Every structure is written in C-alpha cells, then in structure tokens.
Amino acid sequence: MEVMYILKVNNLPVLNMFFIGQMILLGLFYNSLLKIKIQKIFVKICIVVALLILVVQFALDTSQFLKFNLFEIALTCLLIVVFALLHLYNMLTEGKKYYYVSIGIITYLFASTVLFLIGNLSFSLSDDLKYLIWTLNAFLSIVYQFFILYEWKVSFYNKSLRP
C-alpha cells in the first residue's frame, strides 16, 4: 500500500480487500474454536450476510470500493469483535484457548473502528489531533501484536521446546 501511495495509485481497494479478508479469516478462525452448533451457524450466517451486504453496496455504487468505506470497516470489524466476545463467553466454562488473542482482537478492532470513524471527521480537525488519532491507532496495533506474542509464548513456546 505504501508503494501504491508513493506511485500515487489509489490504495483504498487494497484496504477494502484487507478488511473483507480479515473478516472472513478471523470469522473462520472463531468458527473453528466454537463448539456449539448454533454458534457455528451464527458465525457462518453473519459472514455470508455481511459479504452479501457489501456485494450489494459495491454493486449499487461501485465507487464505494475506491473510497474509504466506513460502513465496510464498521461492519467487518464489529462482526469480528462479536465473534471474539462469543468465544470469550464460551471460555467462562471451558479452558482459555486463545484468550489473549481474543482480548487483543477485541481491544484493537473495537478501538480502531472508533478511531476510523473519528478519522473520517478529521477533515475538520486540526493536524495535531489527526496525528494523535493515527498515532494512537499505531500504538494499539503494537499492543495487539504483543497480545498475539504473549499468547504464542503461553500456548506454544514451551511445548515446541520439549522433545
């Protein structure tokens, strides 16, 4: 995306594909973690319905794919947050599998979605406030990566060292 930006090519379609791909992959990840059949069906239906809504939106207004699409960002990210919350709910009675990853996903995606929504209003905000918003998003992204690293350390590091 940075190369596309430097070449003055619109990189927003890549961003849109990223959010859609993220929703699909993390939705399938949480679907694989869920044990209750109705929850698995819920996740699959949500993914399909969200994709259908986005296809209809893009079909009705193809320029939406070339724009900063707040509806798409909110829909895809908040669905992932719902899936992660569902998984956390299930962990109340089960083992804590991918607990830290889920906490990281909820924290980052929810906060990031709010920042993206605020960012859309940033045309009227000062440059300092815009910079603060995007710096906070970058910081939250790093925190999210540390949650993933900690989950790996807790869940996999010691097991991979044993013969």
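The values are calculated or read from the model by the stated rules, or taken from the named source; none is laboratory data. None of these values were measured; they are calculated from a predicted model. Cβ: placed from backbone, ideal geometry, glycine included. Neighbour counts: every protein chain shown. Ligands, DNA and RNA are excluded from the accessible area calculation, which covers all protein heavy atoms including side chains. Shrake-Rupley method; radii C 1.70, N 1.55, O 1.52, S 1.80 Å.
Structure above, values below:
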| item | result |
| --- | --- |
| Per residue accessible area of the chain, 1.4 Å probe, in Å² | 63 Å² |
| Within straight-line cross-link reach of Lys130, lysines at Cα separation under 21 Å, skipping those fewer than 8 residues along the same chain | Lys67 |
| Percent RCO, i.e. relative contact order, over the chain, from Cα pairs under 8 Å lying at least 6 residues apart | 21 percent |
| Surface share of carbon and sulfur [accessible, 1.4 angstrom probe, percent] for region 1-145 | 75 percent |
| Inter-centroid distance (Cα atoms) of region 1-53 relative to region 60-110, Å | 9 Å |
| Tail beyond 17 Å, pair distance distribution of region 1-53 (Cα, percent) | 48 percent |
| Globularity ratio of the chain, using Cα Rg and 2.2 N^0.38 Å | 1.17 |
| Peptides ranked, highest mean first, by Cβ atoms within 10 Å: ranges 19-29, 42-52 | 19-29, 42-52 |
| Cβ-Cβ FRET estimate between Leu12 and Leu149, R0 fixed at 25 Å, reported to 0.05 | 0.25 |
| Reach of Lys35 by Cα under 17 Å, taken over lysines that are not fewer than 8 positions away in the same chain | Lys44, Lys96, Lys97 |
